[in-house]
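Read through the structure below, which is laid out as structure tokens, and then see the notes.
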Amino acid sequence: MREIILDTETTGLEPKEGHRIVEIGCVELVNSIPTGRTWHCYLNPEREMPEQAFAVHGLSSEFLSGQPLFADKADEFLAFVESAMLVIHNAKFDFGFLNAELGRAARPLLAWDRIVDTLALARRRHPGSPASLDALCRRYGIDLSDRDLHGALLDCRLLASVYVELVGGKQARLELAGDRAQPADLPGTAATVRPRPTPLPARLTREEREAHRTFVATLGDNAAWRRYE
């Protein structure tokens, strides 16, 4: 199953107030395992960057003024996500912004039934516990040392690790890897183990065998080793 971990950075909290997307990051998963394929872009929001938003992601108006418009990258974005399920943390936020940009660019809107919200998953799995991306990374022992500021692609990579834990954890990945790497271990396909026609020669010297017998003699008549003399 193909899934896309997705994250955006924006100029604010509400697209209806004229706020825009300034960064999109995507990480591809197949069967919940990252494939190495990613898609990432910065975008010109055609407006100034508020100080509060700049403090979150560090993307300045000066830097973004030289980036492409969303309309210029919309088809490339849609081609990458195709019909995959989209895995997003606090999905209503990103979903609203993406559809606002797609509508403005006269492109097909995303459907909610292809969205997996990891915030909702985390709240169901850990009720009453903090469910931010940082909190989930700390819960699952995922390294946050590179996350000084929010960044769409970095957050996608962190969320990919969190998502694996939310849907089954490391054990699920090991089982998937084992299924691919060792198909002979599946039921009905195990190999038959046959005894060697000629036993391997002993590796102990005569002196070592004598030393062992001497040691066993000190353990008493009921020592387990006497069964193998």
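General observations
- Scanning region 1-12 for residues that are open to solvent by 10 Å² or more (accessible area, probe 1.4 Å) and assigned to a loop (DSSP other than H, G, I, E, B), we see that the one that is farthest from LEU166 (Cα to Cα) is GLY12.
- Applying the set (1) open to solvent by 60 Å² or more (accessible area, probe 1.4 Å); (2) touching a residue at least 40 places away in the same chain (Cβ under 8 Å) to PRO15 leaves exactly one unmet item: (1).
- Tally of residues being of a type in the set (A, V, I, L, M), open to solvent by 20 Å² or more (accessible area, probe 1.4 Å) and not in a loop (DSSP other than H, G, I, E, B) across region 134-153: 1
- Listed by first and then second residue, the pairs linking a residue in region 147-165 that is without any contact (Cβ under 8 Å) to a residue 24 or more places away in the chain to a residue that is open to solvent by 20 Å² or more (accessible area, probe 1.4 Å), with Cβ atoms under 7 Å apart and 6 or more places separating them unless they lie on different chains, are ARG147/LEU154.
- Screening LEU102 against (1) without any contact (Cβ under 8 Å) to a residue 12 or more places away in the chain; (2) over 22 Å from the mean Cα position of the chain (by Cα) leaves a single unmet condition, (1).
- Some residue of region 118-126 being in a helix (DSSP H, G or I) and surrounded by fewer than 13 Cβ atoms within 10 Å (Cβ to Cβ): yes
- Condition met for VAL162 (under 18 Å from the mean Cα position of the chain (by Cα), β-branched (Val, Ile, Thr), modelled with pLDDT of 95 or more and assigned to a strand (DSSP E or B)): no
- Within region 49-78, no residue that is closer than 21 Å to ARG107 by Cβ and hydroxyl-bearing (Ser, Thr, Tyr) sits with its Cβ atom under 8 Å from a residue that is surrounded by 14 or more Cβ atoms within 10 Å (Cβ to Cβ) and modelled with pLDDT under 95 at 6+ positions apart or across chains.
The values are calculated or read from the model by the stated rules, or taken from the named source; none is laboratory data. Computed from a prediction, not measured in an experiment: that's the story for all the values here. For neighbour counting, all protein chains shown are included, and Cβ atoms are generated from backbone atoms with ideal geometry for every residue, glycine included. Ligands, DNA and RNA are stripped out before the accessible areas are found, and what is left, the full protein with its side chains, is counted by its heavy atoms. Shrake-Rupley method; radii C 1.70, N 1.55, O 1.52, S 1.80 Å.
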